[in-house]
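The values are calculated or read from the model by the stated rules, or taken from the named source; none is laboratory data. Note that the structure is predicted; figures quoted are calculated from it, not measured. Here the Cβ positions follow ideal geometry from the backbone for every residue, glycine too, while neighbour counts run over all protein chains shown.
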Amino acid sequence: MNAAGFPTEGGSGNGIPPRVNPVGKSDLWQRCREQAEADYPWLVGEGVFNRLEALAVVLDVEEDARYIGGYTWFLRTPEDYVPVLTIYFTYERDGRIVLQAAHPDER
C-alpha cells in the first residue's frame with residue numbers, strides 16, 4: 001500500500017508490504033540526527049528519528065520517495081511539520097536502504 005492508501009502491485013492487500021528492507025545508517029546520518037535533535041529537542045521526545053528509521057524497514061521506495069540519481073533518493077516530512085525534515089538515503093541493488101543524511105528546514 002502506498003502513502004495515499006492505495007494498494008500497490010504485488011502487495012498483500014492488507015497494507016503490509018510484500019517484503020521488508022534491510023536498513024543501514026551512515027556515520028553522516030548519525031551526525032545529522034544528533035545535530036537535529038540538539039537543535040530541536042522535541043524530536044527526541046516524540047521519537048521522530050526512531051520512527052523514520054522504523055519506516056525505512058517497510059518503505060516502498062518507488063511509491064513513497066523521490067529519486068535523485070544513481071542510488072540516491074529522498075523523503076520529506078509534511079510541510080506543516082516544523083522543522084520539515086528531508087531524509088536522504090541510498091537504495092542499493094540488493095534492496096538495502098542506507099540512511100545517509102537528514103536536513104531540518106524551518107521554512
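Identify all residues within the stretch 78-96 that are hydrophobic (A, V, I, L, M, F, W, C), under 17 Å from Glu53 (Cα atoms) and more than 12 Å from the chain's Cα centre (by Cα); write none if there are none.
If the condition is that a residue be hydrophobic (A, V, I, L, M, F, W, C), under 17 Å from Glu53 (Cα atoms) and more than 12 Å from the chain's Cα centre (by Cα), then Val84 is the only one that fits.
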Residues (exposed (fewer than 12 other Cβ atoms within 10 Å of the Cβ), free of Cβ contacts under 8 Å to residues at least 40 places away in the same chain, part of a helix (DSSP H, G or I) and not basic (Lys, Arg)) located in the stretch 32-76: Glu34, Ala38, Trp42, Gly45, Glu46, Glu62
Odd one out for Glu53, checked against (1) within 18 Å of Cys32 (Cβ to Cβ); (2) touching a Ser or Thr at 6+ places or on another chain (Cβ under 8 Å); (3) of a type in the set (D, E, K, R): (2)
Residues satisfying the stated conditions in the stretch 77-96, i.e. among the hydroxyl-bearing types (Ser, Thr, Tyr) and assigned to a loop (DSSP other than H, G, I, E, B): Thr77, Tyr81
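Of Val57, Val48, Val61, Val84, which residue is touching a Lys or Arg at 6+ places or on another chain (Cβ under 8 Å) and either at pLDDT 90 or above or over 14 Å from Ser26 (Cβ atoms) (or both)?
Val84
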